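> Handing you a structure now.
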Amino acid sequence: MGLPTLTAASDHSLLVSFGREVSVEIHRDVLRLSRLLQGRPELLNVHPGYSSVLISFDPRRLESAAVESIVREALVRMPSAPVPAARTVEVPVRYGGPDGPDLEEVARLHAMTPGDVVRIHSTAQYLVYFLGFSPGFPYLGGLPQELATPRLGTPRRLVPAGSVGIGGDHTGVYPVASPGGWRIIGRTPLEIFRADRDPLILLRMGDYVRFTAV
């Protein structure tokens, strides 16, 4: 992997890219850089992605050159920055039926039985690459390739909170009710996001997730 690139994404944001590959090694670099930058009072927000970090700032108070300097300093420190110990979180799932309206279609697309889909999905270990889309939505890598499925052609107007879906070669859990186009194969009773809880979000970047069928 080469050196990360810094690009002005707008007049108030800077994109740090580690390339186009999605890998555990790049994820750890993204995690380290994000932790070094988060909490800096000069920066408005730090948005990690699969292989990049988007930093937003107020251009009326800080010039882009100053932001680049902050980032380059963090990049020098990044190789020695610790990665927090990963937790493994078990997520119980009710697969199929009203909770998983797309389970049978996913099985049909892959010439499997619904039981095959449940077995394969629930025996893999997933990595939380980052949180986004809605508060606490975990983008989980590690979906077995035989379950990779395109998103719906027309997104649903409302997906219930706790819904477990497949989108391309990733899986995820809807923390709150929202529109969405992922294939819904089940639902968990766990509350991934709660406004009255500290922390608000159950999962964090760098965690591992295992689904269990209930």
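Every number in this text was worked out from the coordinates using simple rules, so none of it is lab data. Please read all numbers here as calculations on a predicted model, not as lab measurements. Here the Cβ is made from the backbone with ideal geometry for all residues, glycine too, and neighbour counts use every protein chain on show.
> Counting only DSSP beta bridges with both residues in region 88-213, what percent are antiparallel, rounded to the nearest 5? Don't skip to the answer; put the middle values down first.
Numbers: 21 of 27 bridges.
Percent antiparallel among DSSP bridges in region 88-213 is about 80.
> Would you please name the trypsin sites (Lys or Arg not before Pro) within region 1-95 that are DSSP coil residues with at most 11 other C-beta atoms within 10 Å of their C-beta? Show your work: numbers first, answer last.
On the way: sites: Arg20, Arg28, Arg32, Arg35, Arg60, Arg61, Arg72, Arg77, Arg87, Arg94; in loops: Arg20, Arg60, Arg61, Arg87.
When the trypsin sites (Lys or Arg not before Pro) of region 1-95 are filtered for loop state and at most 11 Cβ neighbours within 10 Å, Arg20, Arg60, Arg61 remain.
> Under unit Cβ charges (Lys, Arg +1; Asp, Glu -1), what dipole magnitude, rounded to 20 debye, does region 5-80 have relative to its Cα centre?
Details: 9 positive and 9 negative charges, 41 e Å.
Once rounded to the nearest 20, the dipole reads 200 debye.
> Can you give the helix-only mean residue ellipticity at 222 nm for the chain, where every DSSP H stretch with n ≥ 4 adds -39500 (n - 2.57) and the sum goes over all residues, rounded to the nearest 500 deg cm²/dmol?
-6500 deg cm²/dmol, from helical runs alone.
> What is the ratio of the Cα radius of gyration of the chain to 2.2 N^0.38 Å, where N is its residue count, to two decimals?
1.10
> Then there's this: Please arrange Asp11, Asp196, Asp207 by how many other C-beta atoms lie within 10 Å of their C-beta, fewest to most.
Asp196, Asp11, Asp207
> Under the 0.36 nm per residue contour assumption, what length would be gained going from the current alpha-carbon distance of Val83 and His12 to full extension?
Extra length from Val83 to His12 when fully extended: 22.7 nm.
> Just rank Leu6, Leu158, Leu33, fewest to most, by other beta-carbon atoms within 10 angstrom.
Numbers: Leu6 17, Leu158 9, Leu33 24.
Final ranking by Cβ density, sparse to dense: Leu158, Leu6, Leu33.
> Only counting other Cβ atoms within 10 Å, I'd like Ile120, Ile166 sorted with the fewest neighbours first.
Working: Ile120 15, Ile166 24.
Arranged by neighbour count, lowest to highest, Ile120, Ile166 become Ile120, Ile166.
> What size of dipole, in debye to the nearest 20, comes out for the chain about its Cα centre when the only charges are +1 on Lys and Arg C-beta atoms and -1 on Asp and Glu C-beta atoms?
Charge dipole of the chain: 220 debye, to the nearest 20.
> For region 88-213, max minus min Cα coordinate along each principal axis, in Å, sorted largest first?
Projected onto its principal axes, the Cα set of region 88-213 covers 43, 30, 21 Å.
> How many angstrom lie between the Cα centre of region 3-40 and the Cα centre of region 157-206?
Cα centroid of region 3-40 versus Cα centroid of region 157-206: 24 Å apart.
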